[in-house]
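Contents: one structure, followed by commentary.
The values are calculated or read from the model by the stated rules, or taken from the named source; none is laboratory data. If you're wondering where the values come from, they're calculated on a predicted model, not measured in any experiment. Note that we place each Cβ from the backbone using ideal geometry, even for glycine, and neighbour counts take in every protein chain shown. Surface accessibility is based on the protein's heavy atoms, side chains included, excluding ligands, DNA and RNA. Shrake-Rupley method; radii C 1.70, N 1.55, O 1.52, S 1.80 Å.
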Amino acid sequence: MEFTKRKLSKAEMGYFITHLKILGQDRVIAAPEGNGPTMVFAPPAYEPQMLSEGPGGCMGFTPIPGRDDALLMITEFYPIFQSEKAGINLFQAVDGLNEPWQHKRIIDLPFVHRICMVGNGTDNYLVAASVCGGKDFQDDWSRPGTTYVARVPDDIEGSWELVPVMENIHRNHGMQVGTFAGKKCVFIAGDEGLFALEVPEAGSSEWKSTVIIDHPISEVYPADLDQDGEDEIAVIEPFHGEAMSVYKNVEGSWTKLYTAKLAFGHGLWAGSLEGENVVIVGNRANEKNLVCFKVTSASPFDMEESVIDAGSGTTNMDVIKTPDGKVLVTSNPGHEEYALYAPKA
């Protein structure tokens with residue numbers, strides 16, 4: 001599969017990139033893991049605009065339901081795991097994108113690494129996961145991370161009360177919203193495996209978790225890659241892993257359909273792109289290529305690997321719908337840039 005590349009802007013230590021509804025429009029938003037600005041890009045021109053001068057240390061964003069003039073962002077998670085002062089900041093518009101957005105720390109959560117927003121039709125919840133419980137040195141993974149939830153308060157500038165719902169997950173690194181057994185869930189990945197954390201029904205406060213895969217997983221993305229109506233699960237394994245693998249639920253057992261080598265795998269997306277079912281993943285070591293795995297056969301399942309961008313060292317990615325079709329956006333510290341890739345027809 002071939003792509004046409006467009007550089008969105010220069011970015012030193014660019015790390016996280018996604019798309020959010022901001023001020024009435026679906027826009028690309030990106031921020032660095034070091035110190036630096038949060039940038040916004042609006043289609044079709046994608047001219048860069050600064051949402052905020054800082055702080056950096058961004059591991060992720062999440063929207064606030066019903067608000068396109070506010071968002072949450074993980075801040076001060078600095079390389080390499082200098083994250084004791086990490087937390088979650090609330091950003092709110094002052095004068096659209098004409099002025100930098102105001103921000104305030106609403107949650108102190110050391111080593112917070114992933115956040116998302118889920119709801120059950122009555123209540124909305126912030127889900128936040130710490131990658132570990134603390135460090136004495138860079139490679140100290142002895143203290144497990146925790147996954148927390150907080151009901152979104154009526155006053156978003158008020159108190160966000162975190163409640164732990166999953167504990168003792170070492171290298172609690174992966175998070176993705178999906179469905180499991182027909183119910184909305186948040187997939188959580190760490191050394192203990194891949195878990196489906198079920199979103200409680202209205203009126204309940206019980207968060208149930210189910211083990212799907214019982215060995216170390218780093219990142220996860222659900223998608224129906226063989227087009228049988230049921231999601232497979234694409235993963236990077238193990239932590240910052242050496243493989244991209246695809247698993248399928250076969251009579252209640254998650255079976256590996258495909259695996260391919262990676263080098264410090266980081267950043268993952270799976271789904272349909274211009275009529276092709278693909279998994280896209282970054283490598284942060286060795287050749288540091290951004291690669292695409294295209295499904296070439298559903299049964300028996302097989303994929304074909306191609307290089308999208310050599311040496312990009314991609315950290316994170318997302319896919320955004322545009323009037324001209326879906327496009328891939330990435331953060332590429334290997335090229336010191338944020339970039340957009342449009343599939344060739």
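With the condition kept exactly as written, say whether any residue in the stretch 106-120 is without any contact (Cβ under 8 Å) to a residue 24 or more places away in the chain and more than 23 Å from residue 207 (Cα to Cα).
Scanning the stretch 106-120, I find no residue that is without any contact (Cβ under 8 Å) to a residue 24 or more places away in the chain and more than 23 Å from residue 207 (Cα to Cα), so the answer is no.
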Subject >> Of all residues in the stretch 316-341 being at pLDDT 95 or above and small (Gly, Ala, Ser), the one that is farthest from residue 30 (Cα to Cα) >> reply: 334
Original post:
How many residues are in a strand (DSSP E or B), touching a residue at least 24 places away in the same chain (Cβ under 8 Å), closer than 23 Å to residue 3 by Cα and not small (Gly, Ala, Ser) if we restrict to the stretch 250-277?
Top reply: 6
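This table checks each residue for (1) over 21 Å from the mean Cα position of the chain (by Cα); (2) modelled with pLDDT under 95; (3) in a loop (DSSP other than H, G, I, E, B).
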| site | (1), (2), (3) |
| --- | --- |
| 116 | no, no, no |
| 126 | no, no, no |
| 132 | no, no, yes |
| 135 | yes, no, yes |
| 139 | yes, yes, yes |
| 156 | yes, no, yes |
| 160 | yes, no, yes |
| 175 | no, no, no |
| 179 | no, no, no |
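Yes/no matrix, rows are residues, columns are (1) surrounded by fewer than 23 Cβ atoms within 10 Å (Cβ to Cβ); (2) out of contact with any helix residue (DSSP H, G or I) (no Cβ under 8 Å at 6 or more places or on another chain); (3) more than 16 Å from residue 189 (Cβ to Cβ):
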site: 238; (1), (2), (3): yes, yes, no
site: 242; (1), (2), (3): yes, yes, no
site: 251; (1), (2), (3): yes, yes, yes
site: 255; (1), (2), (3): yes, yes, yes
site: 258; (1), (2), (3): yes, yes, yes
site: 290; (1), (2), (3): no, yes, yes
site: 319; (1), (2), (3): yes, yes, yes
site: 322; (1), (2), (3): yes, yes, yes
Subject >> Only one of 110, 79 that is surrounded by fewer than 20 Cβ atoms within 10 Å (Cβ to Cβ), closer than 17 Å to residue 127 by Cα and not aromatic (Phe, Trp, Tyr) >> reply: 110
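Please pick out the residue among 34, 66 that is open to solvent by less than 60 Å² (accessible area, probe 1.4 Å) and either more than 20 Å from residue 321 (Cα to Cα) or not small (Gly, Ala, Ser) (or both). It would help to see each step written out before you state the result.
Numbers: 66 fails: open to solvent by less than 60 Å² (accessible area, probe 1.4 Å).
After ruling out the rest, the residue left standing is 34.
Can you tell me which of 33, 2, 76 is among the acidic types (Asp, Glu) and touching a Cys at 6+ places or on another chain (Cβ under 8 Å)? Can you show your working first?
Numbers: 2 fails: touching a Cys at 6+ places or on another chain (Cβ under 8 Å); 76 fails: touching a Cys at 6+ places or on another chain (Cβ under 8 Å).
After ruling out the rest, the residue left standing is 33.
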